[in-house]
Structure formats: C-alpha cells, structure tokens
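Novice: Starting off with a structure, shown below.
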C-alpha cells in the first residue's frame, strides 16, 4: 500500500527515511516516535540489547498495525521500521512516523502503533548485562 | 501428518531447538500440538505463557492443523 512503509532490517534505521516517506503537502503535522536502547533496567546496567524476530510474521503484523491505524484515525501515511540484531546503548530499535492533516490524529495513531507493536509483533529482545543476559518480558 | 515447528526466544533456550519437524495425528488442533510439545519437552510444563501462530497468523487452541503447516511458538514479545 502506498501509504504504508514497513521495514525490518539488520541495517541502521533512518529517521530521515521515515520522515521523508510520511511527509506530504496535505499534512499539517508529523508525529515521530523513536525507541532508543536504555543503559539500565530495574537498577541494573545494560550493556547491549539483542533483537531477534520471526521475520515474515513480524512484517505481516506490522503491516496489519499500519492498516488498522490508517482505518482508525484520520491520518495520511505511516512508517513502521524496526531493527534486528545486536544494538548498543543509544541505538534505535524502532521508529514510527505518522502524518496527518491535524496533530491529534497523528499523536493518537502513533501511540496506537507503538503500543500494539509491543503487544503483538513477534520480536524479542535479550538484555545483556555485565554478569549475564535475560529475555525481556519472558516471565510476565 | 507432519508439521514444522519454529521456537523462539526463551522457548528456544529452554528446549535447545529453534526448528523441528513433528509427526502429529490428522485433524489435530493447536491444543493437541501444545500437549505433544509438553510430552517432548517436559521443561515446558513450567513455562506455558506462549502464543501460537499457524502459517504466520496467531491461532487459538481450537484451530485445526494441516499437513506441512508452519507453527510458531511465540513467548511474550518484547519488541520496540
């Protein structure tokens, strides 16, 4: 679909690519969410994060989220890009960009997309500490 | 019949497998497959918080499996 950009990649994500994809003359605003790798969790220092994915299904689920966002909110275009592989502190695992005529719809769609991605898209991260590693959220 | 089973995240660590082929009776459901997995990997008796996908779509317990289906065992996701 020409209003949706989905990407799952081992390359570095590009904020500019997401912005350029959703930018349009009919839009009055662009909302962008950027996830970043944090250097601590529950008081413990994190060294890096390793993202693995069930690739084909992850892409399908991201596509579904984008389609639902376009159907549910008055937005124009959406980009959902996610990285896989080993990421260091400050690296970017996820970018969601949404353009809309009016800002509220862009904010709402962006929040919906990141919240749903964290619930449904088959991607897992493993936190690497100085003294070991753990699958995030494995014991909810 | 046979199905392909993909295991991810902590489930791959617990079982030591990421991809297996399983023989299962015709007309088996997702629920039957879960039981079979627990027999094969008793360590899954204490870890059952996972979802199942059949051919890349989430599937509930009553979904019927077909020969050569690809089943994914999906522990709680943590992307983003």
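The values are calculated or read from the model by the stated rules, or taken from the named source; none is laboratory data. This structure is a prediction, so every number in the text was calculated from the model and none was measured. Note: ideal-geometry Cβ built from the backbone for every residue, glycine included; neighbour counts use all protein chains shown.
Novice: Of the numbered conditions (1) in contact (Cβ under 8 Å) with a residue 24 or more places away in the chain; (2) within 14 Å of chain B (Cβ to nearest Cβ), residue A:56 fails exactly one; give the number of that condition.
Specialist: (1)
Novice: If the requirement is being over 10 Å from the mean Cα position of the chain (by Cα), assigned to a strand (DSSP E or B), more than 14 Å from chain A (Cβ to nearest Cβ) and surrounded by fewer than 18 Cβ atoms within 10 Å (Cβ to Cβ), which of these qualifies: B:21, B:68? Full working, then the answer.
Specialist: Working: B:68 fails: assigned to a strand (DSSP E or B).
That would be B:21, the only listed residue that is over 10 Å from the mean Cα position of the chain (by Cα), assigned to a strand (DSSP E or B), more than 14 Å from chain A (Cβ to nearest Cβ) and surrounded by fewer than 18 Cβ atoms within 10 Å (Cβ to Cβ).
Novice: Follow-up. Of all residues in region B:43-54, how many are surrounded by fewer than 16 Cβ atoms within 10 Å (Cβ to Cβ), more than 7 Å from every other protein chain (Cβ to nearest Cβ) and assigned to a loop (DSSP other than H, G, I, E, B)?
Specialist: 1
Novice: Determine whether residue B:9 is surrounded by 16 or more Cβ atoms within 10 Å (Cβ to Cβ), at the interface with another protein chain (Cβ under 9 Å from one of its Cβ atoms), modelled with pLDDT of 95 or more and touching a helix residue (DSSP H, G or I) at 6+ places or on another chain (Cβ under 9 Å). Talk me through it step by step, then tell me what you get.
Specialist: Working: surrounded by 16 or more Cβ atoms within 10 Å (Cβ to Cβ): yes; at the interface with another protein chain (Cβ under 9 Å from one of its Cβ atoms): yes; modelled with pLDDT of 95 or more: yes; touching a helix residue (DSSP H, G or I) at 6+ places or on another chain (Cβ under 9 Å): no.
No; evaluated as a whole, the condition is false for this residue.
Novice: Would you check which residues across region A:14-68 are over 18 Å from the mean Cα position of the chain (by Cα), closer than 22 Å to residue B:9 by Cα and assigned to a loop (DSSP other than H, G, I, E, B) and list them?
Specialist: Hits for region A:14-68 are A:39, A:42.
Novice: Same structure, new question: At least 3 residues that are within 11 Å of chain B (Cβ to nearest Cβ) in each: list the strands (runs of 3 or more DSSP E) lying fully within region A:80-140 that qualify.
Specialist: Ranges flagged: A:94-100, A:123-129, A:132-135.
Novice: Kindly provide the set of residues from region A:84-105 that are in contact (Cβ under 8 Å) with a residue 24 or more places away in the chain and more than 15 Å from the chain's Cα centre (by Cα), ordered by number.
Specialist: A:86, A:88, A:89, A:99, A:100, A:101, A:102, A:103, A:105
Novice: Return yes or no: is residue B:27 farther than 30 Å from residue A:90 by Cα and either free of Cβ contacts under 8 Å to residues at least 24 places away in the same chain or within 11 Å of chain A (Cβ to nearest Cβ) (or both)?
Specialist: Against the criterion (farther than 30 Å from residue A:90 by Cα and either free of Cβ contacts under 8 Å to residues at least 24 places away in the same chain or within 11 Å of chain A (Cβ to nearest Cβ) (or both)), residue B:27 does not qualify.
Novice: Could I ask something else about it? All but one of (1) modelled with pLDDT under 95; (2) over 22 Å from residue A:139 (Cα atoms) hold for residue B:23, so report the exception by its number.
Specialist: (1)
Novice: Follow-up. Going by the structure shown, is residue B:38 more than 13 Å from chain A (Cβ to nearest Cβ) and in contact (Cβ under 8 Å) with a residue 12 or more places away in the chain?
Specialist: no
Novice: Residues A:31, A:131, A:50: which one is at pLDDT 95 or above and surrounded by fewer than 17 Cβ atoms within 10 Å (Cβ to Cβ)?
Specialist: Selected residue: A:50, the only one of A:31, A:131, A:50 that is at pLDDT 95 or above and surrounded by fewer than 17 Cβ atoms within 10 Å (Cβ to Cβ).
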